[in-house]
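Reading through the structure tokens given below for one structure.
Read the figures in this text as sums done on the coordinates, not as results from a lab. All values derive from a computational prediction rather than experimental measurement. Positions of Cβ are generated from backbone atoms using ideal geometry, with glycine treated the same way; all protein chains shown enter the neighbour counts.
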């Protein structure tokens, strides 16, 4: 069984051996029907959502919309390949 995305986000945030600025997440926007990549440091966590500002508006993205996590541009987690 693979790594749950919530556990991975917590590890990136709290593991002192990791640098959050090296990470980004790719999520699927169902309105625009495409994916977007945002830096990990620009988000916070609220339950089963990540919270970030997009176009100066606070946006809540459900964890199930996260498709990938990248570190320095390299794929380290994918919803399709858990």
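Estimated from helices alone, the mean residue ellipticity of the chain at 222 nm is -3500 deg cm²/dmol (sum of -39500 (n - 2.57) over DSSP H runs with n ≥ 4, per residue). Rounded to 0.05, the FRET efficiency of the residue 49 and residue 72 pair, given R0 = 22 Å and the Cβ-Cβ distance, is 0.30.
Which residue fluctuates most in the GNM of the chain (Cα springs below 10 Å): 71, 13, 30? Maximum among the listed residues: 30.
Footprinting exposure proxy ranking of 22, 37, fewest other C-beta atoms within 10 angstrom first, gives 37, 22.
Largest mean-square fluctuation among 19, 11, 34, in a Gaussian network model of the chain whose springs join Cα atoms under 10 Å apart, belongs to 34. Name the most mobile residue of 63, 18, 43, meaning the one with the largest mean-square fluctuation, in a Gaussian network model of the chain with Cα contacts below 10 Å. Of 63, 18, 43, the Gaussian network model singles out 18 as fluctuating most. Specify the inter-centroid distance of the stretch 54-81 and the stretch 1-51, based on alpha-carbon positions, in whole Å. Here the answer is 5 Å between Cα centres.
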